[in-house]
Amino acid sequence: MSEHKDDGRMAETATIEPSVNEGRRRFLAGSAALGAAGMAGVAGVTGTGTLVRSQSAQAASESGDASIHVAPGQLDSYYGFWSSGQTGEVRVFGVPSMRELTRIPVFNRCSATGWGQTNESLAVLGENAKWQNGDLHHIHMSYTDGKYDGRYLYMNDKANTRVARVRLDIMRCDKMVHIPNAHGIHGLRVQKAPKTGYVFANGEMIVPLPNDGRDLDDPSQYWSVFTGIDGESMEIKWQVWVDGNLDNTNCDYSGRFAISTCYNAERGVVLAEKMRLERDWVVVFDIPAIERAVENGDYVTFGDSDIPVVDGRGEDNPFTRYIPVPKNPHGINASPDGNYLIANGKLSPTCTVIDARKLPDLFDDKIELRDVVAAEPELGLGPLHTTFDGRGNAYTTLFIDSQVVKWNVAEAIRHYAGDDVSYIRQKLDVHYQPGHLNASLAETAEADGRWLVVLSKFSKDRFLPSGPLHPENDQLVDISGDEMKLVHDGPTFAEPHDCILCRPDQVSPAKIYDRDDPYWSQARQWAEEDDITLETDSKVVRHGNRVRVYLTAVAPQYSMSEFRVRQGDEVTVIVTNLDKIEDLSHGFSIINYGINMEVNPQQTSSVTFTADRAGVYWYYCSWFCHALHMEMAGRMLVDPA
Ligand code: CUK
Ligand code: CUA
Ligand code: CA
């Protein structure tokens, strides 16, 4: 998409596209509905196509919109931080160009940077290094007073029950924790006020507590827990034992409450059981009440874990309230004015709008559970996630309908109260089967209603064929006007679930590393032991059969063109990049030893391996750094044992 909208082909596409789209859309909706058992029950509730279908607007925007074109050399007006699902990494995008800026390895392994191989990354991974995969669904930035503060990103791993943190100054993961008692962390959100604060993490699957072999055949003893982690120390502070399970989570803008959806109030272990009830619930957590209980010793622990677990099951506890909402809810989203928390119905065509201001009364038992419901608008089939424009409108993905529906929150509330008003503003076809969507700054008090990213799960026929595995389709929608306009298709590899958009001024990435960065504190300690100055010394230091090799790099040379070790030595190579020039990264790779790592300007990186084979092994710089980059190499000479 660009300003070149004058050619005939584009015009022709614009004319033909709507009907073609319609056909493709229906085909996919049909197959998805078939695949989602239980959808049949709701399929007749809401007819599609009864509302404004902005095919003409869509066709017009597909023929080109200059406003998304970021010319070469120009910078984007938003950062996008993308999850990547089963790839396990974080991706950084520029929006609106949708250009991918970088990737941050987290739960995955990375050939380019050496993540999972360098001593620095292994120190972050700790015992988690035993898992080489992850499933990163949710990514959220730290807040101060309801606004992004650019310190950290936090993310979940559903596959191996972890939570990790990325430092936004260097855009590298610096902490990772495995969560005991939980089984698969799905929902993750961070406290919005006064400051992050807690990172909240949902245990999705139900298991025996402790999960040590007991009660295998007794699902009535399977449970899940909600976890509060200190976002600064990354210590697990407490857990709450809950009924049902936990899907997505969020929290209010006061800082007092967190809230999670539950699709398995039945605590079923097979599909049919999980869909038995017409209503599941959202569970609200009173954070100060939980903290008080932990302080007073009012908790239990399970197995080897000493994490305090407060019992939030049942109707009669000070920590939780279970608000019934229609069937198998999924996303839970907080409106930027701080007033509403919206649960997305998934198997119900509705969203449930909860008035966050009524939650204190609910915990004081002054009102009934459903009294906090302000509206329950009927939106379409398969509502999964909702976002906001800061002008009172909400935007909800309809997975089955392959649409985004724009609706007005205040009018949905009036309608619920009995007024004859129509709250639906527009339905926009997306391609296809959208999951998360997020508008610029929508998860903060500063929602600005400029851009909307829709993460579509299927791309079907939108791109050149790429084999049986199709790309996802991250679509960009202009929401600045009255009408949503689809302006860009963005193919992506598996499988972004969620993203957030912030302004560039809210993040201040370092241009080069600070030599005092704690990231390589281990190497600093070795240098001290060996009486080495990392910035000036090049040396091989032997401790029995353990050898430390200190190298520096200045384009286009390493400080040593060779070093010698003995077969069987445990070798640690510590490389310091002395270049201070922005963008001048080096690498360090040893041929046939499976070693490669990044060494960015002013960074120290290290790797440890066993020199198990004698011979000449060239090491070389793997990041293009200089006209003589190819020549930036040296030999590791391994003497036979
Ligand atoms: S979940 Cu993926 S589309 Cu894991 Cu946030 Cu809803
Ligand atoms: Cu140094 Cu390439
Ligand atoms: Ca259910």
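The values are calculated or read from the model by the stated rules, or taken from the named source; none is laboratory data. Please read these numbers as outputs of a predicted model, since none were measured by experiment. Heads up, the Cβs are rebuilt from the backbone with ideal geometry, glycines too, and the neighbour counts pull from every protein chain shown. Side chains are part of the model used for accessible areas, which takes the heavy atoms of the whole protein and leaves out ligands, DNA and RNA. Shrake-Rupley method; radii C 1.70, N 1.55, O 1.52, S 1.80 Å.
The chymotrypsin sites (Phe, Trp or Tyr not before Pro) of segment 453-513 that DSSP puts in a loop, and whose beta carbon has at most 16 other beta carbons within 10 Å, are Phe463, Phe493. Note on Asp364: accessible area is roughly 90 Å² with a 1.4 Å probe, heavy atoms of protein only. Distances between placed amide hydrogens fall under 5 Å for Gly150 paired with Ser142, all partners being 5 or more residues away or on another chain. Is segment 520-639 best put as rounded, prolate or oblate by its Cα gyration tensor, with a ≥ b ≥ c the root eigenvalues, rounded for a/c under 1.5, and otherwise prolate when a/b is larger than b/c, oblate when not? Judged from the Cα gyration tensor, segment 520-639 comes out oblate (a/c at least 1.5, b/c at or above a/b).
Sparse packing (at most 13 other Cβ atoms within 10 Å of the Cβ) combined with a DSSP loop state is found for the following chymotrypsin sites (Phe, Trp or Tyr not before Pro) in segment 602-638: Phe624. By the gyration tensor of its Cα atoms, with a ≥ b ≥ c the square roots of the eigenvalues, what is the shape of the chain: rounded for a/c under 1.5, prolate for a/b over b/c, or oblate? Taking the square roots of the gyration eigenvalues as a ≥ b ≥ c, the chain is oblate.
Across q = 0.20, 0.29, 0.30 Å⁻¹, segment 330-388 modelled as identical point scatterers on its alpha-carbon atoms has Debye log10 I(q)/I(0) values of -0.72, -1.12, -1.16, in the order of the q list. Rolling a 1.4 Å probe over the protein heavy atoms leaves Lys511 with an accessible area of roughly 140 Å². When Arg542, Arg321 are compared by accessible area at a 1.4 angstrom probe, the order from most to least is Arg542, Arg321. All Cα-Cα distances of segment 363-468, cut into 5 Å bins from zero to the largest, leave 2, 12, 18, 18, 18, 14, 9, 5, 2, 1, 1, 0 percent in each bin in turn.
The relative contact order of segment 462-561, computed from alpha carbon pairs under 8 Å that lie at least 6 residues apart in sequence, is 13 percent. What the phi angles of segment 444-460 give under the Karplus curve with 6.51, -1.76 and 1.60, with θ = phi - 60°, is a coupling list of 10, 5, 10, 2, 10, x, 9, 10, 10, 9, 10, 8, 8, 7, 10, 10, 6 Hz, glycine and proline written as x.
Taking a straight Cα-Cα cut-off under 27 Å and skipping sequence neighbours fewer than 8 places away in the same chain, the lysines within cross-link reach of Lys175 are Lys130, Lys147, Lys158, Lys192, Lys195, Lys237, Lys511, Lys580. Rolling a 1.4 angstrom probe over the chain with all protein chains present gives an accessible area of which 51% lies on carbon and sulfur atoms. Of Gly490, Val106, Tyr152, which is farthest along the charge dipole of segment 78-506 in the positive direction, counting Lys and Arg as +1 and Asp and Glu as -1 at C-beta? The one lying farthest along the dipole's positive direction is Gly490. The candidates Lys195, Lys327, Lys366, Lys274, arranged from most to least accessible area with a 1.4 Å probe in the full protein assembly, appear as Lys366, Lys195, Lys274, Lys327.
What segment 78-506 shows is 33 Å² of accessible area per residue, with the surface traced by a 1.4 Å probe over protein heavy atoms. Taking amide H atoms as placed 1.01 Å from N in the peptide plane, the amide H of Tyr340 lies under 5 Å from those of Ser335, Ala356, each 5 or more residues away in sequence or on another chain. Give me the dipole magnitude in Debye, nearest 20, for the chain about the Cα centre, with unit charges on the beta carbon: positive for Lys and Arg, negative for Asp and Glu. Roughly 980 debye, rounded to the nearest 20. Over the chain, DSSP H runs of length four or greater, each weighted -39,500 (n - 2.57), average out per residue to a 222 nm ellipticity of -3500 deg cm²/dmol.
Backbone geometry of segment 199-207 corresponds, through the Karplus equation with coefficients 6.51, -1.76 and 1.60 at θ = phi - 60°, to 3J(HN,Hα) couplings of 9, 9, 9, 8, x, 8, 7, 9, 8 Hz, x marking Gly and Pro. In whole angstrom, segment 178-219 maps to an equivalent ellipsoid with semi-axes of 29, 9, 7, each derived as √(5λ) from the alpha carbon gyration tensor and ordered largest first. Taking all Cα pairs closer than 8 Å and separated by 6 or more residues, the relative contact order of segment 520-639 comes to 26 percent. The alpha-carbon atoms of segment 99-239 define a convex hull whose volume equals 122 cubic angstrom per residue. In order along segment 287-293, phi translates into HN-Hα couplings of 4, x, 5, 5, 4, 5, 4 Hz, rounded to whole numbers, per the Karplus curve 6.51 cos²θ - 1.76 cosθ + 1.60 with θ = phi - 60° and x for Gly and Pro.
The value of relative contact order for the chain, using C-alpha pairs under 8 Å at least six residues apart, is 11 percent.
Computed with a 1.4 Å probe on the full set of protein chains, the accessible area for Arg357 sits at about 130 Å². Cross-link partners of Lys406 among aspartates and glutamates, defined as those whose alpha carbon lies under 13 angstrom from its own and excluding same-chain residues fewer than eight positions apart: Glu378, Asp389, Asp429, Asp478, Asp482, Glu483. Distances between placed amide hydrogens fall under 5 Å for Ala375 paired with Val353, all partners being 5 or more residues away or on another chain.
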